[in-house]
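The values are calculated or read from the model by the stated rules, or taken from the named source; none is laboratory data. This structure is a prediction, so every number in the text was calculated from the model and none was measured. Every residue, glycine among them, receives a Cβ derived from its backbone with ideal geometry; neighbour counts consider all protein chains shown.
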Amino acid sequence: MIDLDTLGNPPNWLAADTIERSRAALEGGLARETWKYSSLTKTLRMLIGAPGVSRAPLADVPEGVSVTRLSALATPPALTLDIERYPLAGITASLAAEGWLIDVKGSPDRPLVLDCETGINAPTILRVHRGCRVDIREPGARGGVRASVRVLQADAGSTVCWAQAELADDAEQWWLLKAQLKDNASLELHQHAAGARFRRLDTHVTLQGTGSNCLATGAGIVGPGEHLDRQQVVEHAGRNTFSRTKLHNLAGGRSRCSFNGRIHIHPGASGADADLSNKNLALDIEAEINTKPELEIYTDDVRCAHGATVGQIDPNALFYLQSRGLPEHRARRILCIGFLTECIRGPLADKVLNAFLARLDGAAPSAAAELPGGSAQS
Amino acid sequence: MRLLDIDDLHVRVDDKPILNGLSLSMNAGEVHAIMGPNGSGKSTLANVLAGHPGYEIIGGSIRFAGADLDGLAPEERAHAGVFMAFQHPVEIPGVTNMEFLKAANDSRLAARNLEPLSALEFMKKVRNLAQSLDLDSEFLKRGVNEGFSGGERKRNEILQLLLLEPKLAVLDETDSGLDIDALRTVADGVNRFHADGNGVLLITHYQRLLNHVVPDHVHVLADGRIVESGDGSLAHALEERGYAWLREDREDTPPARRSSGMRN
Ligand SMILES: Nc1ncnc2c1ncn2[C@@H]1O[C@H](COP(=O)(O)OP(=O)(O)OP(=O)(O)O)[C@@H](O)[C@H]1O
Ligand SMILES: [Mg+2]
């Protein structure tokens, strides 16, 4: 294991035992389980060698929003990192030596565009106050080593739309979003990702309050030599909570694409309604796809559906398109785009679709002429 | 003029023989109906005509508009003018019906070295076709056949037929699952297609559709070959008596006479 002693003392807004707990968690069984398809040691080494980012994550600050350094606050809000599950969050926070609070006290008239720079980004708490409505964008286009930890605290009755597009293929990235929702808070989450040298995205949504809800979609495309690993946890803790999670990944060449989707329904979370589906399309036999759904249910009165599949292009659909006059390569392309389009939703959809189309055509340039599903028609 | 000539066709799937010496000829502008028991090979014939890669042709030939279809990919057959309305049209989520129709139509025009229609012209054309088939234009925005009812799928097949203007329509049980009004709407669509001088090969289990689309010839397909051919009255006889009598009949009829009987 890597020597963590060089990290020094954690900043004042971070619990004093953060590094110790992170160290213990790195060796723990939970980390081994959740880092089955990505190397935890390599990721850790990558983080420790990377430079810190000191700039604030939000450049354009609309009215009703404030951005403050955590170190400048007399009583900084607790950064609930769940280190036992996310030891890298503790390490990242320690490495960053700075943290930010973005306070949303009104409903801003334009989206908050979060910057995720190359390097170790400071942990950011995004607090959306009672009844406020905010649109958050994370157009993470940068490459290089990137790590970031975001904590979203959505107060009662707030509405948040979070759209993220991780498209740079020269990135080595680890990213965590932890979202906590109070009574009747709503989160719409659109996280799209292309494969990269290394990309690991953790998303953890906790539906704490009664009636809180989350709609999540995500599309992924992974090419030869690339790696994409996504871990999605949805916890239903409050009563009458609702979640829908739908992710599609397309993998071609000798690529590696992993997904783990976990629904956890706590005792007392009666009336919970959860649905998680992950579909993967393998374009080559060399593509390695791992997908695992997990369910933990501790309440009787719930509705929960859960599915994960790995498949190839449906020969019947291919024949159907060809029988209508479409050459095979165009028919294949249409089926790939359709599969992805089902999950490309949210404010960054056009951008993501175009980036994915460019990638598909890179693999099969002869198919470039055709654009069904392209942004021109959407 | 000859449109289709199928001669002594033998087809198998996974080493299982399904068509066993099927012969059938059609002239341009004719309507032929094929009836026959479940599992007799009707859809197999339709799929083989459209070029489904899952079927192995081990003997015989198919000539379409004077050319051999052997070795042509499904899209090449489509460009040559073969169209099959599927017994079970396939769902393609994520691809809207409109995008699909546009891509199919553009491919057809490109194969003839013609320019694609403008988006506006195309939309107008498709909307008019949809309307003529009582298909709400909302169906054009949905995923291809996604969540369509049985009858809606069948109407969507006829929409494609009318849009793509082939020379031969092979309709595989397009009448199954249609309500009485929809049957008439679909039949009108098929008749419009036929009125342009095109051929129709109708696969059906029921005489009902044949009241609306009047066949020149009716054939019975059993055990992978045509065992009986006649005019429209044959369909009535089948409706009344089923298929069993044909089998008994066949025992004392030399097969040679049968196969020449269906030629025209
Ligand atoms: N891919 C396949 N693999 C195995 N058997 C097949 C396959 N396709 C067709 N068959 C078999 O071939 C026979 C003929 O099937 P086909 O679908 O052509 O019948 P059909 O006349 O259209 O029947 P129906 O009236 O029920 O639609 C059946 O016994 C069927 O099970
Ligand atoms: Mg059939």
Taking segment A:1-41 as the region of interest, how many residues are of a type outside the set (Val, Ile, Thr), within 26 Å of A:Leu114 (Cβ to Cβ) and in contact with a strand residue (DSSP E or B) (Cβ under 8 Å, 6 or more places away or on another chain)? 1
For segment A:306-314, state whether one or more residues are more than 7 Å from chain B (Cβ to nearest Cβ), within 13 Å of B:Glu75 (Cα to Cα), of a type outside the set (Ser, Thr, Tyr) and out of contact with any strand residue (DSSP E or B) (no Cβ under 6 Å at 6 or more places or on another chain). no
B:Glu99: passes all of (1) in contact (Cβ under 8 Å) with a residue 12 or more places away in the chain; (2) more than 16 Å from ligand 1 (Cβ to nearest atom); (3) touching a Pro at 6+ places or on another chain (Cβ under 9 Å) but (1)
Tell me, please, whether a residue that is within 9 Å of chain A (Cβ to nearest Cβ), modelled with pLDDT of 95 or more and under 30 Å from B:His205 (Cβ atoms) can be found in segment B:106-124. no
Part of a loop (DSSP other than H, G, I, E, B) and within 30 Å of A:Asp109 (Cβ to Cβ): is that true of A:Ala56 in this structure? yes
Out of (1) facing another protein chain (nearest Cβ under 9 Å); (2) in contact with an Asp or Glu (Cβ under 8 Å, 6 or more places away or on another chain); (3) within 16 Å of ligand 2 (Cβ to nearest atom), the odd one out for B:His52 is which? (2)
Return the total of residues in segment B:56-96 being part of a loop (DSSP other than H, G, I, E, B), away from ligand 2 (no atom under 16 Å from the Cβ) and either touching a residue at least 24 places away in the same chain (Cβ under 8 Å) or acidic (Asp, Glu) (or both). 5
Could you go through segment B:13-26 and let me know if any residue there is more than 14 Å from ligand 2 (Cβ to nearest atom) and touching a Ser or Thr at 6+ places or on another chain (Cβ under 7 Å). yes
Taking segment A:315-327 and the residues there that are more than 7 Å from every other protein chain (Cβ to nearest Cβ) and surrounded by 15 or more Cβ atoms within 10 Å (Cβ to Cβ), the one that is farthest from the chain's Cα centre (by Cα) would be A:Leu321
Checked B:Ala33, B:Ala46 against criteria (within 14 Å of ligand 1 (Cβ to nearest atom) and either of a type in the set (S, T, N, Q) or within 14 Å of another protein chain (Cβ to nearest Cβ) (or both)); the one match is B:Ala46
Being more than 14 Å from chain A (Cβ to nearest Cβ) and away from ligand 2 (no atom under 16 Å from the Cβ) is the filter here; which residues of segment B:140-168 pass it? B:Ser149, B:Gly151, B:Glu152, B:Arg155
Only residues that are modelled with pLDDT of 95 or more and surrounded by fewer than 23 Cβ atoms within 10 Å (Cβ to Cβ): list them for segment B:70-92, please. B:Leu72, B:Ala73, B:Glu76, B:His79, B:Ala80, B:Gly81, B:Gln87, B:His88, B:Pro89, B:Val90, B:Glu91
Among residues of segment B:169-182 being of a type in the set (A, V, I, L, M, F, W, C) and crowded, with 22+ Cβ neighbours inside 10 Å, the residue farthest from ligand 2 (Cβ to nearest atom) is B:Ala169
Of the listed residues (B:Leu202, B:Leu210, B:Leu221), the one being more than 30 Å from B:Pro116 (Cα to Cα), touching a Gly at 6+ places or on another chain (Cβ under 7 Å), within 16 Å of ligand 2 (Cβ to nearest atom) and modelled with pLDDT of 90 or more is B:Leu221
Is it the case, given these coordinates, that B:Ile57 is within 13 Å of ligand 1 (Cβ to nearest atom) and either in contact with a Gly (Cβ under 7 Å, 6 or more places away or on another chain) or closer than 24 Å to B:Gly199 by Cα (or both)? no
Go over the candidates A:Val65, A:Val104 one by one and state the one that is touching a Cys at 6+ places or on another chain (Cβ under 7 Å) and closer than 24 Å to A:Cys132 by Cα. A:Val104
With the requirement that a residue be at pLDDT below 95 and over 22 Å from the mean Cα position of the chain (by Cα), what does segment A:94-105 give you? A:Ala97, A:Glu98
Exactly one of these conditions fails for B:Ser176: (1) more than 14 Å from every other protein chain (Cβ to nearest Cβ); (2) more than 16 Å from ligand 1 (Cβ to nearest atom); (3) closer than 30 Å to B:Lys16 by Cα. Give me its number. (2)
Any chance B:Gly66 is away from every other protein chain (no Cβ under 11 Å) and either among the aromatic types (Phe, Trp, Tyr) or within 17 Å of B:Leu24 (Cβ to Cβ) (or both): yes
Single residue of segment B:1-54 satisfying the filter (hydroxyl-bearing (Ser, Thr, Tyr) and under 29 Å from A:Leu326 (Cβ atoms)) that is surrounded by the most Cβ atoms within 10 Å (Cβ to Cβ): B:Thr44
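Per-residue answers, yes or no, for (1) part of a helix (DSSP H, G or I); (2) crowded, with 20+ Cβ neighbours inside 10 Å; (3) within 7 Å of chain B (Cβ to nearest Cβ); (4) modelled with pLDDT of 95 or more:
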| residue | (1), (2), (3), (4) |
| --- | --- |
| A:Ile334 | yes, yes, yes, yes |
| A:Asp350 | yes, no, no, yes |
| A:Leu353 | yes, yes, no, yes |
| A:Ser375 | no, no, no, no |
State all residues of segment B:14-60 that are more than 14 Å from the chain's Cα centre (by Cα) and charged (D, E, K, R); if no residue qualifies, say none. B:Asp14, B:Asp15, B:Lys16, B:Glu56
If we ask which residues in segment B:1-19 are in a strand (DSSP E or B) and within 11 Å of ligand 1 (Cβ to nearest atom), their number turns out to be 7
Check on B:Asn38, within 16 Å of ligand 1 (Cβ to nearest atom) and either within 19 Å of B:Glu173 (Cα to Cα) or at pLDDT below 95 (or both): yes
Of the residues in segment B:231-259, those that are surrounded by fewer than 15 Cβ atoms within 10 Å (Cβ to Cβ), at pLDDT below 50 and either in contact with a strand residue (DSSP E or B) (Cβ under 9 Å, 6 or more places away or on another chain) or not small (Gly, Ala, Ser) (or both) number 3
